[in-house]
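> Before I ask anything, here is the structure I am working with.
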Amino acid sequence: FEEHERWDDLVQLKEHAIEQVLDVEERQVLLFDAARLYSEHLGRDDDAAQALTRILDESPESREALGRLEGIYRAAERWDDVEDTYRRWLEVATPPDESTAVRYRLAHLQASVQHDYHAALETARAALGEKDRHVRTVELLEELLVSDELPIDEAVQIRAQAADLLDGVYDDST
């Protein structure tokens, strides 16, 4: 099927096999492959996301599935789904460096795409609570201090909160 680029037939075959296979790892390999076919060859990102979600239903800690799901949603600019993926990522037991990086990406999304600056500040606070000098989070807060995209009626408050968070970082570094 692949040799003749019969992608629909191939993905149907994979889906049939997924339903028949009892071994979780084997089923997940088939689901990853189905997601790849849906996304790369058929342009059916919703179906690819659904296959990846099925993997996460069985193995919530699958970093590969979370990463691919994030990529699909980012490419489609489905920002609420990207946010949900980050939150799902944070729900699984993650090493502190990983969860801090995910919190930074969530804060960046909240600030730069969703323009939810208060949520971004709270997420940045949580990231700094895990790693008090996380460079990218500090840079995000510094950007908020000088941003001209902040809502006029909230700019002073947002900048003050960002400055308070940065004061804690700078005070700890002396």
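The values are calculated or read from the model by the stated rules, or taken from the named source; none is laboratory data. Since we're looking at a predicted model, the values are computed, not measured. Glycine also receives a Cβ, built like all others from the backbone with ideal geometry; neighbour counts cover every protein chain displayed. Surface accessibility is based on the protein's heavy atoms, side chains included, excluding ligands, DNA and RNA. Shrake-Rupley method; radii C 1.70, N 1.55, O 1.52, S 1.80 Å.
> Counting other C-beta atoms within 10 Å, and keeping those with at most 15, which DSSP coil trypsin sites (Lys or Arg not before Pro) do you find in segment 32-78? Walk me through the numbers on the way to the answer.
Details: sites: ARG36, ARG44, ARG54, ARG63, ARG68, ARG74, ARG78; in loops: ARG44, ARG78.
Answer in residue order: no site qualifies.
> Separate question: As a test of reading the structure, rank THR137, THR94 by solvent-accessible area (1.4 Å probe, protein chains only), most first. Please report the intermediate quantities before stating the final value.
Details: THR137 0, THR94 35 Å².
Reading off the accessible areas and sorting them downward yields THR94, THR137.
> Another question about this same structure. Over the chain, with a Gaussian network built from C-alpha contacts below 10 Å, which listed residue (SER99, SER39, SER147) shows the highest mean-square fluctuation?
Evaluated over the chain, the most mobile residue of the options is SER147.
> Oh, and also: Rolling a 1.4 Å sphere over the protein heavy atoms, what is the accessible area per residue of segment 114-155, to the nearest Å²?
Values: 2460 Å² over 42 residues.
Value for segment 114-155: 59 Å² per residue.
> For segment 1-55, which whole-number percentage of the solvent-accessible area (1.4 Å probe, protein heavy atoms only) is attributable to carbon and sulfur atoms?
On the way: 1500 of 3370 Å².
Carbon with sulfur: 44 percent of the solvent-accessible area.
> May I ask you to list the GluC sites (Glu not before Pro) in segment 1-78 that are in a DSSP loop and have at most 12 other Cβ atoms within 10 Å of their Cβ? Please report the intermediate quantities before stating the final value.
On the way: sites: GLU2, GLU3, GLU5, GLU15, GLU19, GLU25, GLU26, GLU40, GLU58, GLU61, GLU64, GLU70, GLU77; in loops: GLU2, GLU3, GLU5, GLU61, GLU77.
Those satisfying the criteria are GLU2, GLU3, GLU5, GLU61, GLU77.
> Pop the C-beta distance of ASP171 and GLU58 into the FRET formula with R0 = 35 Å and round what comes out to the nearest 0.05. Mind showing how you got there, number by number?
On the way: r = 45 Å, r/R0 = 1.30.
That gives a FRET efficiency of 0.15.
> A further question follows. Spin-label point model (7 Å from Cα, Cβ direction): what's the GLU142 to LEU22 distance in nm?
Those two pseudo-labels are separated by 5.8 nm.
> Can you pull the one-decimal nm distance between simple spin-label points at HIS115 and TRP79, each 7 Å off the Cα toward Cβ?
Rounded to a tenth, the inter-label distance reads 0.8 nm.
> Taking only the alpha carbons of segment 119-174, what extent do you get along each of the three principal axes, in Å, biggest first?
Sorted largest first, the three principal extents are 32, 21, 15 Å.
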